[in-house]
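Working notes for the structure below.
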Amino acid sequence: MTPSSLAVRQDRLEPGDKSQPRLNDADTIAKEIVEKLTYSIGKTTGAARLHDWLEATTLVVRDRIIDNWFNSTIETRRSQAKRVCYLSMEFLIGRLLRDAISNLGLTDPIREALARYDVELDLVELLEPDAALGNGGLGRLAACFMESMASTGVPGYGYGIRYVHGFFRQEIVDSAQVELPETWLKHGNPWEFERRESSYEIGFGGKVTSIEENGRTRFVWRPAERVLAVAYDTPAVGWRGNHVNTLRLWSAQSLDPILLDAFNAGDHIGALLESNKAEAITRVLYPADSHQAGQELRLRQEFFFSSASLQDIIRHHLAQYDDLTNLADKVAIQLNDTHPAVSVAELMRLLVDVHGMEWDAAWTITRATFSYTNHTLLPEALETWPIHLFERLLPRQMQIIYQINAGVLREATQGQGFDDRTISAISLIDEGNGRRVRMGQLAFVGSHAVNGVSALHTELMKQTVFHDLHRLYPSRIENKTNGVTPRRWLHQANPGLSKLLDETIGPGFRDNIEEIAKLDAHADDAAFQERFAAVKRENKERLATLVQERLAITLDPGAMFDIQVKRIHEYKRQLLNILETVALYEQIRSLPHLDWTPRVKIFAGKAAPSYVQAKEIIHLAGDVARVVNSDPTVRGLLKVVFIPNYNVSLAEIIMPAADLSEQISTAGLEASGTGNMKFALNGALTIGTLDGANVEMLEHIGEDNIFIFGLKADEVARMRAEGHGGQAVINSQPLLRSAIDSISAGVFSQGDPGRYANLMNSIRDRDWWMIAADFRAYWDKQRQLDVLWKDRGAWNRVAARNTARMSWFSSDRSIREYARDIWKAGPGAR
Ligand code: 26V
């Protein structure tokens, strides 16, 4: 049976039998867990290992989710509600069990049920592997959005790739990063359901022919290669489990797994080549989020999941409405960055070539269906593809892009009278660098709405990358500031603080995060401040234990935990933080009699494997840590740690344990940041630049409670244009100069002065990231924080105000804005 001959799946499901709701008491759950152990896993309670308990518990939780999943699916269909399809190459989910248990309100009965068999829920949860199908901010945002769509009742479908190997595991060997493969599917994945009936053929290469049909030219693409996209569905549970959405991830398979002809002819290896090539498409996540990959396999991944998702969306739509002209009324497709931007051309192909629609009608529908989110303005990260590669792999989509481009450029010249420079800036084809397809332009013109992820970022989009397209379509760009889900990042990650909130302001904040503002009234209360500090202390002890176990470094939970965790990138300026650390170290040594505030500098994050400078920064952090931590003259006033393998699960321990959050990117470069929100929600103070969402955090938290320093985005742009270099600044800053000199002399690199020559010279010569330029302002702000730390009441008051004033940064708010302004979907739209 070929996939195309599969009958369209009709929804014949009946809503779950509500007359017999499942019981959620510990007795019932204990009985069910043992049943799963026995009949699904084949183990007795005596023989079961911790992994078996994990699987059995997961299956019991899953049963409860499935009931609601069916109900949600059926209700969306019955009400003919508009669906939101979120297309993303990345979903950085982390663990699912605790999230599901907590959202279903089952934490206590499950804990009790397992305890009857001397099994500890916390230990069981730790065995679940992280689903690390993403690089960083963009992928984690997609995961928060899935949770918030379910929590706010938006009928959402996440579409992505089921990578066999997610984001690599990082080990640190002699202070340097080593990358190891990650194998999250090793023990199977009880959360996913393979849907072989939802399989689609995806073509690559081949030729385009045309046929005349009823006086109209029809194009037919005959791909040279075909692979099968098979769906795997994972339920996405929202708060209280009321609404359950679907995350559908595609896996690539060969249509003909073994070429029997070749096999029989004795060519055993050749017989498997095709299936290896097909399966390679979904084998591994690209780990570089800082510069564009450029490899053919990456473009194959992008088209593979775009085409599969669109074919699935169309099939679903036709099954329900039997008509594609109302597609945009019933489906909104969000493009998470340009990675799925080829969807614009592919939807046109499906509508025009496959479903026989007229070009203009198809174009109107396409634009009305798509919207696009931009997540970076870094020139090196903007996606473009060489025309010859695009044409060879996707010949029909290339023709369609030319045709779209012709229409847009006609609009620009005839309608607006744009000049040649403007036309070449708008064009979907970059003629300057050996002819390339610009995916940002394609996503922009194919969408009715284009958004940035913070107010500043959106403004900069209008001024820089999309300046001319913004002139052509002035109402298309809008802002949607990011958010994070308070369920994972407050309730689950910080049960201590959540309990304190229950007791102080009542549990209403769990359903409506805006109620957390009630905490403001308690921020001045000394007794409350102490309880708040006690929770923070416990969280710091938990992190200190982890550091002790993993790194054999002893941390004092009484010291200020000053934390920078995120991808390692020059623009994020971990190097600025390390230089300040070195300067502080030198000051503590030369002025030991001063009343220094004890600090622990904590770093974590992964460098792209090919990003040399980022790897040098990791190396330097480790080198500095070794020297500082072993210097007795420091007397514990300063400790430096680099925690390996930063991931979602580690973040859940780190965020609640921070006193100070480092958000110090060069202004204008960090599109939003979301770690900044997680830290502040958990009561960390922020030291940061006026960049990304920090700007809006300042507005919400108030200038007395956030610690902003440094150049602003327009100042950075001006100084770069004026050819700023670092040397003059370094000469005028003795602390900075001394730090750079020490590093250059090999003080931290076992006498090897060459190790950091490139990093240090880049500050002296070009200072592109404004490290020298911002050093003094950063140093001064840190010393101001040292002083504040000594007034424990004042610090705790500010910390509590941070928690109280962060509700706006919930991803529920972001999702409601997308639903209202862009998708016209969700509870409010019905
Ligand atoms: C680019 C590439 C290039 C090709 C290889 C794979 C790959 C993967 C990702 C990216 C784009 C990364 C862009 C990104 O993650 N941006 C971050 O998005 C966050 C959510 O909006 C935001 O908070 C961060 O500020 C922004 O850096």
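Rule-based calculations on the coordinates, nothing more; no lab input. Here the structure is a predicted model, which is why all the values come from computation and not from measurement. For neighbour counting, all protein chains shown are included, and Cβ atoms are generated from backbone atoms with ideal geometry for every residue, glycine included.
Side notes on the structure shown:
- P(r) for region 256-339, from all Cα pairs and a bin width of 5 Å, is 3, 11, 15, 14, 13, 12, 13, 10, 6, 3, 1 %, short bins first.
- Contour excess over end-to-end distance, with Cα ends at Arg435 and His268 and 0.36 nm allotted per residue: 56.0 nm
- Look at the alpha carbon pairs under 8 Å that are at least 6 residues apart: their mean separation over the length of the chain gives a relative contact order of 13 percent.
- The chain: DSSP helices with Cα axial extent of at least 30 Å and average Kyte-Doolittle hydropathy no lower than 1.0: none
- A protection proxy built from the mean count of other Cβ atoms within 10 Å ranks the segments 574-580, 455-461, most packed first, as 574-580, 455-461.
- For region 63-208, the Kirkwood estimate of hydrodynamic radius, built from reciprocal distances between every pair of different alpha carbons, is 18.3 Å.
- Set of region 422-460 residues, backbone N closer than 14 Å to the point 7 Å along the Cα-Cβ line of Ser610: none
- Cα gyration tensor shape for region 111-165, rounded if a/c is under 1.5, else prolate or oblate: oblate
- What the Cβ-Cβ distance of Val208 and His51 gives, at R0 = 45 Å and to the nearest 0.05, is a FRET efficiency of 0.30.
- Across every pair of non-identical alpha carbons in region 145-213, the mean reciprocal distance, once inverted, gives a Kirkwood radius of 17.5 Å.
- Extension gain from Asp419 to Asp520, taking 0.36 nm per residue of separation minus the Cα-Cα distance: 30.9 nm
- Antiparallel DSSP beta bridges within region 68-213, percent to nearest 5: 65
- Whole-number percent relative contact order across region 660-742, with pairs defined as alpha carbons under 8 Å at least 6 apart: 28
- R0 of 41 Å, Cβ-Cβ distance Gln403-Phe193: FRET efficiency to nearest 0.05: 0.55
- Counting only Cα atoms, region 554-607 measures 38, 23, 14 Å along its principal axes, largest extent leading.
- Rounded FRET efficiency, nearest 0.05, which uses the C-beta distance separating Ser427 from Trp596 and R0 of 51 Å: 0.30
- Nitroxide proxy distance, nm - points 7 Å out along Cα→Cβ at Arg78 and Arg392: 5.4
- Pairs from Lys462/Lys781; Lys536/Lys601; Lys499/Lys536 whose Cα-Cα separation, in the structure shown, is over 23 Å: Lys462/Lys781
- Greater than 26 Å apart at Cα, pairs in Lys480/Lys824; Lys330/Lys566; Lys572/Lys678: Lys330/Lys566
- More than 56 angstrom apart: percent of Cα pairs within the chain: 10
- For Phe642, the amide hydrogen comes within under 5 Å of the amide hydrogens of Phe603, counting only partners 5 or more places away or on other chains and with H modelled in the peptide plane.
- The mean of 1/r over all distinct Cα pairs in region 559-708, once inverted, gives the Kirkwood hydrodynamic radius of 15.9 Å.
- Highest to lowest packing among 552-560, 38-46, scored as the average C-beta count within 10 Å: 552-560, 38-46
- Take the Kirkwood radius over Cα pairs of region 492-647, plug it into Stokes-Einstein at 37 °C and 0.692 mPa s, and you get 185 µm²/s for translational diffusion.
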